[in-house]
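The structure appears right after this line, and notes come after that.
The values are calculated or read from the model by the stated rules, or taken from the named source; none is laboratory data. Just so you know, these numbers come straight off a predicted model, no measurement behind them. With ideal geometry, Cβ positions are generated from the backbone for all residues, glycine too; neighbour counts draw on all protein chains shown. Accessible surface areas use protein heavy atoms only, side chains included; no ligands, DNA or RNA. Shrake-Rupley method; radii C 1.70, N 1.55, O 1.52, S 1.80 Å.
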There are 2 protein chains.
Amino acid sequence: MFKKFKIPEATVGRLTAYSRYLKEADEKGISTVSSQQIAKATGVTPAQVRKDLAYFGEFGTRGVGYNPRELYNYIMKILGLDRRWPVIIIGAGRLGAALAMYGGFAERGFDIVGIFDVDPAKIGNKVGEIEIRPLQELKEKVKDLSIKLGIVAVPAASAQEVVDFMVDCGIKGIINFAPANISVPEGIVLRRVDLASQLEYLTFHLGESR
Amino acid sequence: MFKKFKIPEATVGRLTAYSRYLKEADEKGISTVSSQQIAKATGVTPAQVRKDLAYFGEFGTRGVGYNPRELYNYIMKILGLDRRWPVIIIGAGRLGAALAMYGGFAERGFDIVGIFDVDPAKIGNKVGEIEIRPLQELKEKVKDLSIKLGIVAVPAASAQEVVDFMVDCGIKGIINFAPANISVPEGIVLRRVDLASQLEYLTFHLGESR
DNA sequence: TAGATTGTTAATCGATTAACAATC
DNA sequence: TAGATTGTTAATCGATTAACAATC
């Protein structure tokens with residue numbers, strides 16, 4: 001879309017942080033922010049902010065700064081968030097159910113429209129407004145709603161199998177919460193979130209400073 | 001502890017992945033693995049595996065490879081996981097409750113020993129075996145059990161306040177699930193996990209390939 | 001014009017990879 | 001010894017930062 005060169009991996013996460021600050025600033029009625037202000041609020045350098053934005057265009061005014069609302073809208077567009085996205089969750093265990101209810105997704109334009117499981121005991125139960133459905137119904141749902149995004153919250157042992165099925169059903173982007181190393185075909189975007197590993201990062205660094 | 005030089009940020013996460021594979025290999029009765037096998041299983045290069053390990057010592061045998069159980073134990077020690085860690089959660093909303101029940105933490109040595117909230121309506125309710133307690137009781141609990149680790153699952157607006165209080169209570173390492181940019185004093189390890197941002201990574205990359 | 005801040009280039013820094021001597 | 005694989009150095013690659021011309 002906007003991409004001219006290879007974008008550093010970390011840029012995407014920082015754009016999210018910038019956008020959250022810009023939204024706040026706009027809501028406060030602030031009409032101009034500088035790269036320095038954005039940097040301070042998000043814990044990076046002003047050069048980093050300007051460099052991240054420069055990959056996608058020119059959004060500021062020299063000598064002045066950026067308009068928060070305008071820049072917010074640009075970043076949301078860059079991130080693909082100038083629309084809402086339907087998302088399905090596979091795995092209606094505790095984590096899957098919690099993610100289905102997590103308000104932070106809807107706030108950023110992600111609507112959980114389905115939750116699927118293979119456990120017959122769970123089928124028909126409700127998670128908030130959504131009824132847990134059998135995994136076999138995934139393909140139809142994906143087709144009907146043109147769903148591109150899915151979240152995997154199943155045990156590690158069945159994660160690869162589930163991901164293969166999701167890809168088969170037409171899902172194009174997957175977040176994997178199972179502590180398993182999964183592979184996907186070319187063209188499918190996969191992201192692993194290892195919750196325990198986050199705590200391990202802490203214990204590693206606490207140990208380091210001994 | 002082992003550290004001689006600056007360790008790349010990403011090394012810690014990769015060590016987690018290596019350790020999971022090594023555990024599996026050991027459980028299968030495999031007596032030797034090569035850097036190439038570890039690399040293949042975790043999606044990195046063999047050179048990366050050897051380099052990551054080299055920061056901490058020499059764990060293999062030239063011409064032969066690594067013993068999975070031995071290397072697993074070494075890595076667990078490096079990560080600070082040669083012991084169990086008590087962990088508290090602040091925020092007994094849906095996400096906090098789900099994290100409290102998530103089995104993946106205990107598997108890696110993290111025991112959720114308390115969950116705290118400020119909402120009087122929640123105090124006394126149970127999440128699994130654990131009773132939700134008022135936040136004022138945190139300090140005593142931290143002291144009694146020598147707790148170093150905490151997870152923040154409160155709304156963004158109160159996250160900084162809660163983190164300040166945790167630090168005051170003696171918590172040294174914090175995972176923040178609130179979509180807010182938090183700052184902590186020198187010596188406190190903070191890690192932010194932005195769940196919505198994970199989905200944004202997908203939409204960004206799906207948009208990219210247009 | 002003087003002061004401020006962007007957009008961008010060049011310099012720096014750090015992480016990954018390739019290559020190979022050491023050695024089983 | 002021949003074959004294999006580690007540990008480590010040097011080369012490469014990529015990301016961050018500093019610096020500054022452009023310009024409001």
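Brief remarks on what is shown
- Selection of region B:114-129 for residues being surrounded by 14 or more Cβ atoms within 10 Å (Cβ to Cβ) and either touching a helix residue (DSSP H, G or I) at 6+ places or on another chain (Cβ under 6 Å) or of a type in the set (Asp, Glu) (or both) yields B:GLY114, B:ILE115, B:PHE116, B:ASP117, B:VAL118, B:VAL127.
- Single residue of B:SER35, B:SER31 found to be within 10 Å of DNA strand C (Cβ to nearest atom) and either open to solvent by less than 60 Å² (accessible area, probe 1.4 Å) or assigned by TED's automatic domain parsing to the domain that holds B:LEU15 (or both): B:SER35
- When B:GLY104 is tested against the conditions (1) in contact with a Gly (Cβ under 8 Å, 6 or more places away or on another chain); (2) under 30 Å from B:SER146 (Cα atoms), the lone failure is (1).
- Inclusion of A:VAL87 among residues that are within 15 Å of DNA strand C (Cβ to nearest atom) and either over 30 Å from A:GLU161 (Cα atoms) or within 14 Å of chain B (Cβ to nearest Cβ) (or both) is not warranted.
- Residue match in region B:101-116 (condition: of a type in the set (A, V, I, L, M), within 16 Å of DNA strand D (Cβ to nearest atom) and more than 9 Å from every other protein chain (Cβ to nearest Cβ)): no
- Checking each residue in region A:164-210 for being open to solvent by 40 Å² or more (accessible area, probe 1.4 Å) and either in contact with a Pro (Cβ under 6 Å, 6 or more places away or on another chain) or within 20 Å of A:VAL12 (Cα to Cα) (or both) picks out A:LYS172, A:GLY187, A:LEU190, A:ARG191, A:ARG192.
- Take the conditions (1) touching a Lys or Arg at 6+ places or on another chain (Cβ under 8 Å); (2) more than 16 Å from A:TYR18 (Cβ to Cβ); A:ARG62 misses just one of them, which is (1).
- Checking each residue in region B:3-52 for being part of a loop (DSSP other than H, G, I, E, B), away from DNA strand D (no atom under 12 Å from the Cβ) and either within 17 Å of A:LEU199 (Cβ to Cβ) or of a type outside the set (S, T, N, Q) (or both) picks out B:LYS3, B:LYS6, B:ILE7, B:LYS28, B:GLY29, B:ILE30, B:GLY43, B:VAL44.
- Listed by first and then second residue, the pairs with beta-carbon distance under 6 Å, at least 6 apart or on different chains, first residue in region A:75-104 and outside any helix (DSSP H, G or I), second basic (Lys, Arg), are A:ALA92/A:LYS122.
- Taken over region A:140-179, the residue count meeting the criterion of being within 12 Å of chain B (Cβ to nearest Cβ) and of a type in the set (D, E, K, R) is 2.
- Selected residue (only one of B:ARG133, B:ARG94, B:ARG50 is open to solvent by 20 Å² or more (accessible area, probe 1.4 Å) and not assigned by TED's automatic domain parsing to the domain that holds B:ILE171): B:ARG50
- Within region A:53-71, the residues that satisfy the criterion of being part of a loop (DSSP other than H, G, I, E, B) and more than 6 Å from DNA strand C (Cβ to nearest atom) are A:TYR55, A:PHE56, A:GLY57, A:ASN67.
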